[in-house]
Amino acid sequence: MPGRLRARFSRSDMLTERPDFALVGILRVPQLQTSPSRAITRRVGYAVVALTLAVLVVYLDRDGYRDAQGDALSLLDCIYYATVSLSTTGYGDITPFTPEARLINVLVVTPLRIFFLIVLVGTTLSALTESSRQAFKIQRWRHRVRNHTVVVGYGTKGRTAVDAMLGDGVPPSDIVVVDTDPVVLETAAGQGLVTVQGSATKSDVLRLAGVQHAAAIIVAANRDDTAVLVTLSAREIAPRAKIVAAIRESENTHLLRQSGADSVVISSETAGRLLGIATTTPSVVEMIEDLLTPEAGFAIAERDVEPNEVGGSPRHLSDIVLGVVRDGRLLRVGSPEVDAVEADDKLLYIRRVSG
C-alpha cells in the first residue's frame, strides 16, 4: 500500500503529468507586448462604442421611456439615461414603462452594462485572466512544438548562442530556454523566447521543454558535470536530436562524447587561444570574431552542392569553401578525398552578410 501511494505521488509530481494550468509560472510562452497607453486607449474606445450603442438603442425606442415629469425623451435625455444605466448608478428619474422598452433593456442595455463594467475594470480582469490565457497558450504550444532548439542555460554562453541563432534568422518562437534563474528567464522572454524554469538535469523538465521533438539541443551549463548529466538525459529522451555542449576543461570532452554529444566546444581553451593569438596578430582575432558574428561582415555557412558544381574542385568554386561535409564527416579542402565534390555533399563556405 505505501508503495502505491509513493508511485501515485511521484506521478503527480512529474511536470509532464500536470495539467496545463498547473504549468503557469514554470513554462512561459511569450506574447506580443502592448504599451500601456495603447491598452488604455483601446479600452476607452470600447467603452465609448458601448455607450454609443446604448444611446442609439434608447433613442430609437424613446417613445417607450418617460422621465419623472412624464415628458418624452430628447437626445440629451437618452445620453443621460444610457450613461447612468451603464455605470449602474440608476437614479430612477427616467424609466422604461412599455413592455417593449423593458424587454430591450433586458436584452440589450443590461449586456451593454456588463460589457461596460468589464472595460472599466479591464486592468484587474486582465491580471486575473492572465493565468487562463497562459494555460491556453501552453496547451496550444505543447501540441504544436516541433523541430525547435532547446538551450540549456542562459548565462553568457547561452545568450551568445541565442543571439547567433537569431542573427542567422531563426525565429524566436523556435527557441526554448531552460534555466533555474527567473531573472534571466525574464530577459529571455523579453526576446520572444519560450522559457522553462527548472533544472535540466531532471528528465521531466527536458520533456516539458519538448526535447523529445527538438531538432537541436545546446547545453551551456556553468559546470562540466552538469553538462555531462544534461547531455546524458537529453540523449536518452531525444536519440536523433543534434546535441552541442560547451565545457570548461578539455579532459571532460570524452565524457560528453560518451554521453551522446555530437559536438563539444571547450570554452576556456578557445578563449585562451584567442588571447594568445591577440598578443601577436590581433587582426586574426578580429577576423575570427567577424566570422563568428552573423549580423554583418562575413559568416561561415553551409549549403548544398549545386548541379553544375558536381565533379568540380571545391577550390575552384565562386565561393570560398573551407570544408566539405560528406556522410556526416567534415573533410577539409586540402584533403585528397575532396578533389571533386559529390551531389550529396554539403559545402562549408564564407558568405557575405549585409549589415
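The values are calculated or read from the model by the stated rules, or taken from the named source; none is laboratory data. Quick caveat, the model's predicted, so the values are computed rather than measured. When we count neighbours, we look across all protein chains shown, and the Cβ atoms used for this are built from the backbone with ideal geometry, even at glycine. Surface areas here come from the heavy atoms of the whole protein model, side chains and all, with no ligands, DNA or RNA. Shrake-Rupley method; radii C 1.70, N 1.55, O 1.52, S 1.80 Å.
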- Message: Against the condition in contact with a Phe, Trp or Tyr (Cβ under 6 Å, 6 or more places away or on another chain), more than 30 Å from residue 16 (Cα to Cα) and either part of a loop (DSSP other than H, G, I, E, B) or modelled with pLDDT of 80 or more (or both), how does residue 73 come out, does it pass?
- Response: yes
- Query: Looking only at residues in region 240-261 that are without any contact (Cβ under 8 Å) to a residue 24 or more places away in the chain and not in a strand (DSSP E or B), which one is surrounded by the most Cβ atoms within 10 Å (Cβ to Cβ)?
  - Reply: 253
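Considering 10, 35, which residue is under 41 Å from the mean Cα position of the chain (by Cα), modelled with pLDDT under 75, farther than 24 Å from residue 137 by Cα and open to solvent by less than 80 Å² (accessible area, probe 1.4 Å)? Talk me through it step by step, then tell me what you get.
On the way: 35 fails: farther than 24 Å from residue 137 by Cα.
Exactly one residue qualifies, and that residue is 10.
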- Can you name the residue in region 210-223 that is assigned to a loop (DSSP other than H, G, I, E, B) and either charged (D, E, K, R) or farther than 23 Å from residue 257 by Cβ (or both) and is also most open to solvent (accessible area, probe 1.4 Å) among such residues? 223
- Residue check: is residue 121 modelled with pLDDT of 90 or more and of a type in the set (A, V, I, L, M)? no
- Residues (without any contact (Cβ under 8 Å) to a residue 40 or more places away in the chain and touching a Lys or Arg at 6+ places or on another chain (Cβ under 9 Å)) located in region 262-308: 262, 263, 264, 265, 266, 268, 269
- Considering each residue of region 140-171, count those that are assigned to a helix (DSSP H, G or I), at pLDDT 90 or above and surrounded by fewer than 15 Cβ atoms within 10 Å (Cβ to Cβ), and give that number. 0
- Task: List every residue pair whose Cβ atoms sit under 8 Å apart, with the two residues 6 or more apart in sequence or on different chains, where the first one lies in region 71-96 and is within 15 Å of residue 112 (Cβ to Cβ) and the second, anywhere, is surrounded by fewer than 16 Cβ atoms within 10 Å (Cβ to Cβ) and at pLDDT below 65.
- Result: 84/90; 84/91; 96/102
- Is there any pair with a first residue in region 310-338 that is touching a residue at least 24 places away in the same chain (Cβ under 8 Å) and a second that is open to solvent by less than 30 Å² (accessible area, probe 1.4 Å) and part of a loop (DSSP other than H, G, I, E, B) whose Cβ atoms are under 6 Å apart and which are 6 or more apart or on different chains, and what are they? 314/333; 314/341; 321/333; 324/345
- Note on the structure: Counting only residues in region 172-202 that are within 26 Å of residue 228 (Cβ to Cβ) and of a type in the set (S, T, N, Q), the one most open to solvent (accessible area, probe 1.4 Å) is identified as 180
- Message: I need the full set of residues from region 270-296 which are among the acidic types (Asp, Glu) and exposed (fewer than 13 other Cβ atoms within 10 Å of the Cβ), in order please.
- Response: 286, 289
- Elements of type strands (runs of 3 or more DSSP E) in region 313-355, at least 3 residues being open to solvent by 30 Å² or more (accessible area, probe 1.4 Å) and of a type outside the set (A, V, I, L, M): 346-353
